[in-house]
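Report on one structure; see the data block that follows.
What follows is calculated from the coordinates using simple rules that are stated; it is not laboratory data. The structure displayed is predicted, hence computed values, not measured ones. Cβ placement follows ideal geometry from the backbone for every residue including glycine, while neighbour counts extend to all protein chains displayed.
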Amino acid sequence: MPTNTMKAIRLHEHGGPEVLRYEDAPVPEPKPGEVLIRVHAVGVNPPDWYVRGGMTTMPGETTPSFAFPMIPGTDVSGVVEAVAADVDQFAVGDEVFGMVRFPSFHGGAYAEYIAAPASDLARKPAGLDHVHAAGAPMAALTAWQFLLEVGHDHPSPFQEEPHLPVALAAGKTVLVNGAAGGVGHFAVQLAKWRGARVIAVASGAHEPFLRKLGADQIIDYTTTRPEDVAHDVDVVIDTVGGPGSNRLLRTLKPGGTLLPVFPAELDPGEVTKRDVTVSTIQVRSSGRQLAELADLLGAGRVRVAIDSTFPLAEARKAHERAAEGHLRGKIVLTVDAS
């Protein structure tokens, strides 16, 4: 068992990457339904720098959801150190990975130990190392819940209607905008796994990478506008958002669907005129869905691309890398497991 203190990255104030402090913190104790994990690797995700920069509430919440000091992060891979008395699906020594307590800012992943709900976890595939496992949960679950199965009935804070994924199969065409990034590279693979034809939008430098993931067509957005060459698309999953999203409506066939992962600036009149649906969700933790993904990861049907790794103590550098953009896959923090 660990001593009563551990190393962790904590926030005492909002700000830039420089506010990420590497310091001693209490080791958490697992509550009912939880396990204590000795962390080996931590996935870095957009909510980590959102909260660092000043975001204090998750969409749909009305009150601040944390207090300083806080440990950011949600995505972990590690080894079970202890289990609560009511947990029977995991045992000490099991290798697990998961997205912990999302959506909330109570993940606490940037640390040597984390107490996590057993329901948020899945067994790590034996052939997958901790770095690659930690890079999967949030990005892969986002692609899964947008494209394949929501997996929960929580109301979306972004729209009144429930999100209904489009049935993907042979004959369907999916366009992935931002295809080389975290969510994007999983979306390419999952759509291809379901039999769809996949058009990947990314810079031309990523073409060999995306071809290996199964993309059928690559559009280099630095030289070609997607709406000029892609037409009659069934589903667009847009992992970029912003003002460029509106032009993606022109790639869809009537009755098609645009899935914006990040806030998109869309013309409601054009959405109506083109007879397309825009639908979004808030991704949520799911050990069950992650177990299904683990089967694909273990079989090599889905792969995790790692952009870069940094020791936990250098979380600041990881956030600085994220701010540079143009990532190929995921950024991961490594934790000394000695």
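Please compute the net charge surrounding G15, taking Lys and Arg as +1 and Asp and Glu as -1 over other residues with Cβ under 14 Å from its Cβ.
Local net charge: 0.
What order do you get for 295-301, 307-313 when each peptide is scored by the mean count of other beta carbon atoms within 10 Å, highest first?
Output ranking for 295-301, 307-313: 307-313, 295-301.
What does the extension gain come out to for K253 and E270, with contour length at 0.36 nm per residue minus their alpha carbon separation?
In short, 4.8 nm is gained.
Summing +1 for each Lys or Arg and -1 for each Asp or Glu, what net charge is found among the other residues whose Cβ lies under 12 Å from the Cβ of F186?
After counting each charged neighbour, the total is +4.
How many nm is it between the label spots at T224 and E13, if each spot is 7 Å from the Cα in line with the beta carbon?
Here the answer is 5.0 nm between the modelled labels.
Averaging sequence separations of C-alpha pairs under 8 Å and six or more residues apart, then dividing by the length of the chain, give the relative contact order as a whole percent.
Normalised by residue count, the contact order of the chain is 19 percent.
Which one, H130, P103, Y113, is farthest towards the positive end of the dipole of the stretch 70-170 when Lys and Arg carry +1 and Asp and Glu -1 on their Cβ?
Positive-end residue among those listed: H130.
If we count every other residue with Cβ under 15 angstrom of V198's Cβ, Lys/Arg +1 and Asp/Glu -1, where does the sum land?
Local net charge: +3.
Just list whichever of K124/K212; K31/K317; K192/K317 have alpha carbons separated by over 31 Å in the model shown.
Beyond 31 Å between Cα atoms: K31/K317; K192/K317.
If the elastic network links every pair of Cα atoms under 10 Å, which of R288, R101, R316 fluctuates the most in the Gaussian network model of the chain?
R288
Can you tell me which aspartates and glutamates have their Cα less than 15 Å from the Cα of K172? Leave out same-chain residues fewer than eight positions away.
Partners found: D216, D232, D234.
Sequence-distant or interchain residues sharing an amide H contact under 5 Å with A41, placed H: which?
Under 5 Å from the amide H of A41: S77, V335.
For the chain, what is the percent of antiparallel DSSP beta bridges, rounded to the nearest 5?
Within the chain, antiparallel bridges account for around 55 percent of the total.
Note down the nm distance, to one decimal, between modelled labels 7 Å out along Cα→Cβ at A170 and at S119.
It is 3.9 nm.
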